[in-house]
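Shown next, in structure tokens, is the structure this report addresses.
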Amino acid sequence: MTPTNRTILVTGGAGYIGSHTVRLLASAGNTIVVLDNMVYGHEEAIVDSSVTLVPGDIGDHSLLRDLFREHSFSAVVHFAAFAYVGESVTNPLKYYRNNTAAPLALLEVMQEFGCKEFVFSSTCATYGVPTHIPITEETPQQPINPYGRSKLMLEWILADCETAWGLRSTCLRYFNASGCSQDGLIGEDHNPETHLIPRMLMALTGEAGPLEVFGTDYPTPDGTCIRDYIHVEDLAAAHARALDHLATGGRSLKVNLGTGVGVSVKEMIAAVEKVTEKQVPVVLGPRRAGDPAQLVADPSLALSELGWKAARTDIEETVRSAWNWMTGPRAGRYRR
Ligand code: UDP
């Protein structure tokens with residue numbers, strides 16, 4: 001169920017996954033306030049006129065207090081974070097400051113105002129190189145980069161807040177978010193863009209050079225990495241379920257959000273070529289540092305606990321939605 005008639009603070013709601021979730025929650029009749037520092041967010045990604053966009057930082061106590069005083073939020077959905085794994089290795093403090101330290105202010109103000117429901121964007125990067133596939137929530141969390149560690153630490157902090165003052169949270173561990181809204185109105189616009197599907201589509205439109213395949217000697221059937229690509233609108237629906245779960249008194253959860261289906265880089269190239277009827281220009285390159293061979297979710301806990309499962313398990317459908325966005329009125333960019 002998607003909750004209705006609730007007042008919810010969404011941090012990072014002008015970003016990729018955040019904006020799709022905001023759209024779903026707003027269209028269900030909730031009052032949504034988005035707090036976004038607009039470093040990577042886009043004003044145009046907020047399409048519902050009922051949504052209030054507040055430019056600002058999640059670490060700003062006084063701004064947060066003003067917002068909580070004005071709106072009496074019943075829950076917070078926390079997306080705001082940096083998510084470039086490579087950058088987190090070269091600039092770890094940026095990630096620990098933004099992803100781990102800044103949310104402390106948000107949690108402090110939630111405690112002050114007695115707001116005790118928190119939906120958190122966690123990540124499969126908290127598992128590091130998994131010991132087995134598919135990955136369950138019991139798979140040991142041994143992140144191999146500062147990005148994954150910055151997110152895992154917030155998972156721990158949330159558990160401590162529950163013990164101390166009764167915060168209930170859902171940590172949603174995303175696998176590979178992909179695709180765009182079905183109507184092509186909002187989508188994925190990262191700068192720089194590093195993700196596989198948009199990189200491929202940019203190679204086709206000429207916005208970027210050929211796709212470099214990062215490694216062809218992995219211990220997988222075709223030698224390329226396998227990932228679990230989960231459609232962004234399915235992720236949005238999971239946030240709605242998570243909010244509903246907490247609103248109805250559900251216990252804190254940590255759940256994987258994936259399709260349960262692994263797709264290799266070569267299989268993704270074939271899917272893109274089928275959907276677009278174009279040949280992707282490709283160069284075969286070396287492995288990218290820090291890429292595990294396979295990351296595939298066991299999403300069964302999300303089904304049993306939240307009643308959620310991915311509606312789009314056909315990768316071509318996901319690719320088609322991304323291609324609609326890339327070739328639609330915005331040509332894959334909010335602003336050029
Ligand atoms: N990948 C690739 N070329 C690219 C971008 C990604 O071969 O230009 C591969 C990458 O090595 C990984 C998969 O595609 O195996 C998905 O990468 P992405 O960066 O989209 O997401 P990640 O799994 O790193 O979160």
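Under 9 Å from the Cβ of residue 254, count the other residues' Cβ atoms, weight Lys and Arg +1, Asp and Glu -1, and hand me the total. Result for the neighbourhood of residue 254: -1. Note on the chain: lysine pairs with Cα distance below 21 Å, sequence gap of 8 or more or different chains, count 7. Between region 21-35 and region 74-150, the C-alpha centres lie 22 angstrom from each other. Summary of packing: across the peptides 206-219, 310-323, the per-residue average of other C-beta atoms within 10 Å ranks them, highest first, as 310-323, 206-219. Computed from point charges on the beta carbon alone (+1 for Lys and Arg, -1 for Asp and Glu), the dipole magnitude for the chain about its Cα centre is near 160 Debye.
Calculate the FRET efficiency for residue 248 and residue 93 from the Cβ-Cβ distance with a Förster distance of 35 Å, rounded to the nearest 0.05. Intermediate values should be presented prior to the final figure.
Working: r = 39 Å, r/R0 = 1.12.
So, using R0 = 35 Å, E works out to roughly 0.35.
According to the square roots a ≥ b ≥ c of the eigenvalues of the Cα gyration tensor, what is the shape class of region 210-336, taking rounded for a/c under 1.5, prolate for a/b larger than b/c otherwise, and oblate for the remainder? Note, shape of region 210-336 comes out oblate.
GNM on the chain, C-alpha springs below 10 Å: top fluctuator among 254, 278, 94? Of the options given, 278 has the highest mean-square fluctuation. Note that the chain presents 41 Å² accessible area per residue, ligands and nucleic acids not counted, probe 1.4 Å. By accessible area, using a 1.4 Å probe on protein heavy atoms only, the chain has 52% of its surface on carbon and sulfur. For region 164-204, the calculated P(r), taken from all Cα-Cα distances in 5 Å bins from zero up to the bin holding the longest distance, is 5, 15, 19, 19, 13, 7, 7, 8, 3, 1, 1 percent. Size estimate for region 34-90 follows the Kirkwood approach: the inverse of mean 1/r over distinct Cα pairs works out to 13.1 Å.
The loop-placed GluC sites (Glu not before Pro) in region 99-195, going by DSSP, that have at most 10 neighbouring Cβ atoms within 10 Å of their Cβ come out as 138.
Put 231, 61, 42, 132 in order of accessible area, highest first, and with a 1.4 Å probe you get 132, 61, 42, 231.
Helix 315-327 sits at what angle to the longest principal axis of the chain, using alpha carbons and giving 0 to 90 degrees rounded to 10? For helix 315-327, the angle is close to 80 degrees.
What is the percent of Cα-Cα separations in the chain that go past 33 Å? Show your work: numbers first, answer last.
Working: 12282 of 56280 pairs.
More than 33 Å apart: 22 percent of the Cα pairs in the chain.
The values are calculated or read from the model by the stated rules, or taken from the named source; none is laboratory data. From a predicted model like this one, the values you see are computed outputs, not experimental measurements. Glycine also receives a Cβ, built like all others from the backbone with ideal geometry; neighbour counts cover every protein chain displayed. The accessibility values were calculated without ligands, DNA or RNA, using every heavy atom of the protein model including side chains. Shrake-Rupley method; radii C 1.70, N 1.55, O 1.52, S 1.80 Å.
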